[in-house]
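Have a look at the structure below before the remarks.
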Amino acid sequence: MSKKECIAMLLAGGQGSRLGALTSKIAKPAVSFGGKYRIIDFTLSNCANSGIDTVGVLTQYRPYRLHAYLGSGAAWDLDELGGGVSILPPYATQDGGAWYAGTADAVTQNLDYIKSHDPKYVLILSGDALYRMDYRAMLATHVDNNADLTVAVMPVPWEDASRFGILTADEDKRIQKFTEKPEKPDSNLASMGIYIFTADFLIKTLEEDALDQRSSHDFGGDIIPKALADGKRLFVHEYNGFWKDVGTIASYHETSMDLLGADPLFDLYDNETPIMSNDTTRPPHYIGPDGRVDDCLVSNGCKIMGTARHSILSTDAVVEERAIVEDSVLLPGAVVKSGAHVSRAILGENSIVEEGVKLGSVDITKDTAVVGNDVVIGKGE
Amino acid sequence: MINRKAIGYITANYSGSTPSKLLEDRPLASVPFIGRYRLIDFPLSNMTNAGIKTVGLVMPGNYRSIIDHVGHGKDWMLDRKKGGLFLLPGNPYGTTKRGMRFLLRDIISNKSLFQRSDKPYVVMMGSNIIFNMDLNAIIDAHEASGAGITMIYVKAERAHNDINALNIGDRGRVQSIKVGCEYGDNKFLDCFIINRELLLEIIESYKSADYLDLFEAIAGDFDRIDVCSYEFKGLAVGIFNEETYYHRSMEMLDPATNDQLFMKDRPIRTKAHDAPPAKYSSGSNATNSLISAGCQIEGTVRGSILSRGVTVASGASVTNSIVMQGVKIETGARVENAIVDKNNIIPANTELRGTPDSILVIGKAPIE
């Protein structure tokens, strides 16, 4: 196969257990987000918009929906000759078979895939955050520094720094120290979990890590500390745009709300770097004679006969007559029946809130209400 | 399941008998319909939903917009190794004659499509009357009847000059066809099923009359050919000129009507785009409207249909209008009883007003 400059390995095997009911039957990267998208769309679109044409997607937890959604990769223009999207689930060998034991192990088990493309650089990504990034800029940083490994970082508020993996760099942006959730941080540069490795270094490092009995085979926990200890050339690439993890119910809800408003923190309407998705062809949405829509994103196939305020209505969501939806996210096919009132809630795919039911509260001190996929909420529940 | 019985043939070169600004650089078949669709999506989707995997599409002379939209048929899963979509040359001047959709010359010049097939039937469709139909049920009925041709019709709910009516006799046999139909007539949907062998015979027998419509050519032979009929009970929407285009589009604002064309088990497919969900600002006011992805609404929209990427600024209003892709309606502008074609900018505080009896039509804006 022809030599590639840079290929991507996208870690998409996680369960996303902190998303609770939303990931009971579906892997986190395949969870619906932003009306017509799924979480993995943002990373795949970044790849396509950065000119990366070869992406290995490492899957593991409940992969069917994710695999079906990825298809040939055509939705992201990633159906490429000699590249494109390749789905890489755990597999059996003559010696048995095993689940991916950690982020680094998942890549180790697919070194054959990497070697077949013979890239100079390998970009390691995870499919669970909302951000727009041109990976070419990061690759330029990596090449300029003649680095073995470059870690994308973003400045976070000092008071939050102890919640992140913090990197301490010198004046030349060379990494001096990596501390997971430090109590007393000496830097506010948080790792975004995005790495570029020089391929030869990655292959050698992973092959060594695989033999290390004490390693938990994790990029943050094992690979980076070892490379630092070995005196390798590790640099940071600083990113200053919008980046948010959508890994918990609270952050999922908050990040969804960030899409709304006159000047949203994340603009879906940026035409230069469009977010692409594997669209279902549904008709334009219909707003009824008494429908009322205020500060919302509304997707194809929706029917809004009642009121929707400051909410995200995904494909085929329905708000019936006299129903009210506010500060909420309706996932594809969710139905709010007539007279129901839904506040600060996430309604799973094809879930139903029955007539007259009140769900959730505008009180922001209370948890966001979550209704799982296909669940019906009747009165008295 | 892949259809083992039929291939498809769609004519997209009927160009309408009345001129329109909407048709200056596109055929009727690629006129946008309720925002995200084009008329050609309907015949293609009906074929696809019946599992038909070989479809010939007869092109008009001004085929640019059709090629742009249909491509190699990927969105209808017609980019196949076996079969697939065949773009066929058609009469470049189109078939403007009233009632003529299946020009014999086009059928003859594309006979290789029918010769190469091993399927017993050909489903033939125009693209001006749209519907969502279970073609397999009709193919089965055709097969059971033993007829040579089965013509599909609905009971006409209004008179129409451009549509043909079937005169049906005993046992559903079609006796004759007349141009133009009245209320209650059997309105022909420009959709029929024909035995492929019979079609090849007709091509041989009527070569010298190739300037005629297929049904004009065989008018004298209906007994011999055994032309049967099938009544379709669903909604069929005929679009031939600005007036029918506007009114039939507006009728789609009724959810009960809309549901007869768009159903989840037989989806209408179209070219996919990456437009984000429509965005409504605080203070926007949209009612009784069909609004496509990528629209940004700050102002007022009432009783209207908006295509992809239309923006309605604050203080602007759109009422009883059809607004096509990429139109920008600036602050304080008012659009009423109008059809505004692609990419127009309606400057701040201007008014575009037609009346319910005389719809104002604004042609496509030139590309700058």
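The values are calculated or read from the model by the stated rules, or taken from the named source; none is laboratory data. Everything numeric here is computed off the predicted structure, so don't read it as measured data. Neighbour counts are summed over all protein chains in view; Cβ atoms, including those assigned to glycine, are modelled from backbone coordinates with ideal geometry.
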Checking A:GLY339, A:GLY333, A:GLY356 in turn, the sole residue that is in a loop (DSSP other than H, G, I, E, B) and either within 22 Å of the chain's Cα centre (by Cα) or facing chain B (nearest Cβ under 9 Å) (or both) turns out to be A:GLY333
Exception for B:ASP221 within (1) closer than 16 Å to B:ASN167 by Cα; (2) under 25 Å from the mean Cα position of the chain (by Cα); (3) of a type outside the set (A, V, I, L, M, F, W, C) falls at (2)
So, first residue of a type in the set (D, E, K, R) in the range B:29-42, second residue assigned to a strand (DSSP E or B), Cβ within less than 8 Å, six or more apart or across chains; the pairs are B:ARG38/B:PRO32; B:ASP41/B:PHE33
Test B:LYS207 against the criterion of being touching a Gly at 6+ places or on another chain (Cβ under 8 Å), of a type in the set (D, E, K, R) and assigned by TED's automatic domain parsing to the domain that holds B:MET250, and give yes or no.
-> no
A:THR43 passes all but one of the listed conditions (1) in contact with a strand residue (DSSP E or B) (Cβ under 7 Å, 6 or more places away or on another chain); (2) surrounded by fewer than 18 Cβ atoms within 10 Å (Cβ to Cβ); (3) not in a strand (DSSP E or B); the exception is number (2)
Exercise for review: May I ask you to verify whether B:ARG248 is over 21 Å from B:ALA147 (Cα atoms) and assigned to a loop (DSSP other than H, G, I, E, B)?
Suggested key: no
Here the qualifying pairs (Cβ atoms under 6 Å; residues six or more apart or on different chains; first in the range B:304-321 and within 13 Å of B:GLU351 (Cα to Cα); second part of a strand (DSSP E or B) and among the charged types (D, E, K, R)) come out as B:SER317/B:ARG334; B:THR319/B:ARG302; B:THR319/B:GLU336
The strands (runs of 3 or more DSSP E) lying wholly within the range B:134-210 that contain at least 3 residues that are in contact with a Phe, Trp or Tyr (Cβ under 6 Å, 6 or more places away or on another chain) are B:149-155, B:160-168, B:186-195
Being more than 8 Å from chain A (Cβ to nearest Cβ) and farther than 25 Å from B:SER30 by Cβ narrows B:ALA256, B:ALA236, B:ALA286, B:ALA275 down to just B:ALA256
Note to self: Regarding the range A:202-219, can at least one residue be identified that is surrounded by fewer than 17 Cβ atoms within 10 Å (Cβ to Cβ) and within 12 Å of chain B (Cβ to nearest Cβ)?
What the structure shows: no
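For the range A:246-262, state whether one or more residues are of a type in the set (Val, Ile, Thr) and either within 14 Å of chain B (Cβ to nearest Cβ) or surrounded by fewer than 17 Cβ atoms within 10 Å (Cβ to Cβ) (or both).
Within the range A:246-262, the subset of a type in the set (Val, Ile, Thr) is A:246, A:248-249, A:255.
With the extra rule that they be either within 14 Å of chain B (Cβ to nearest Cβ) or surrounded by fewer than 17 Cβ atoms within 10 Å (Cβ to Cβ) (or both), the set shrinks to A:248.
Looking through the range A:246-262, at least one residue is of a type in the set (Val, Ile, Thr) and either within 14 Å of chain B (Cβ to nearest Cβ) or surrounded by fewer than 17 Cβ atoms within 10 Å (Cβ to Cβ) (or both).
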Per the list (1) touching a Phe, Trp or Tyr at 6+ places or on another chain (Cβ under 8 Å); (2) over 30 Å from B:GLU24 (Cα atoms), residue check on B:ASP221 breaks on (1)
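Each row is one residue, and each column tells you yes or no for (1) at negative phi; (2) in contact with a Phe, Trp or Tyr (Cβ under 8 Å, 6 or more places away or on another chain).
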{"residue": "B:THR11", "(1), (2)": "yes, yes"}
{"residue": "B:THR54", "(1), (2)": "yes, yes"}
{"residue": "B:GLY84", "(1), (2)": "no, no"}
{"residue": "B:ASN91", "(1), (2)": "yes, no"}
{"residue": "B:PHE102", "(1), (2)": "yes, yes"}
{"residue": "B:ILE108", "(1), (2)": "yes, no"}
So the strands (runs of 3 or more DSSP E) completely within the range B:265-309 holding 1 or more residues that are touching a helix residue (DSSP H, G or I) at 6+ places or on another chain (Cβ under 9 Å) are B:289-291
Looking across the range B:289-312 at residues that are small (Gly, Ala, Ser) and surrounded by 23 or more Cβ atoms within 10 Å (Cβ to Cβ), the single one that is farthest from the other protein chains (Cβ to nearest Cβ) is B:GLY299
**OP:** Would you confirm whether any residue within the range A:303-325 is surrounded by 24 or more Cβ atoms within 10 Å (Cβ to Cβ), within 7 Å of chain B (Cβ to nearest Cβ), touching a Leu at 6+ places or on another chain (Cβ under 8 Å) and in a loop (DSSP other than H, G, I, E, B)?
**Re:** no
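Do the conditions hold for A:PHE266, that is, is it more than 8 Å from chain B (Cβ to nearest Cβ), of a type in the set (A, V, I, L, M, F, W, C) and part of a strand (DSSP E or B)?
Numbers: more than 8 Å from chain B (Cβ to nearest Cβ): yes; of a type in the set (A, V, I, L, M, F, W, C): yes; part of a strand (DSSP E or B): no.
In short, no.
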Of the residues in the range A:279-295 that are more than 7 Å from chain B (Cβ to nearest Cβ) and under 30 Å from the mean Cα position of the chain (by Cα), the one that is surrounded by the fewest Cβ atoms within 10 Å (Cβ to Cβ) is A:THR280
Going through the range B:82-109 in order, the residues found to be modelled with pLDDT under 85 and either of a type outside the set (Ser, Thr, Tyr) or buried (at least 19 other Cβ atoms within 10 Å of the Cβ) (or both) are B:ASN91, B:PRO92, B:GLY94, B:THR95, B:LYS97, B:ARG98, B:GLY99, B:MET100
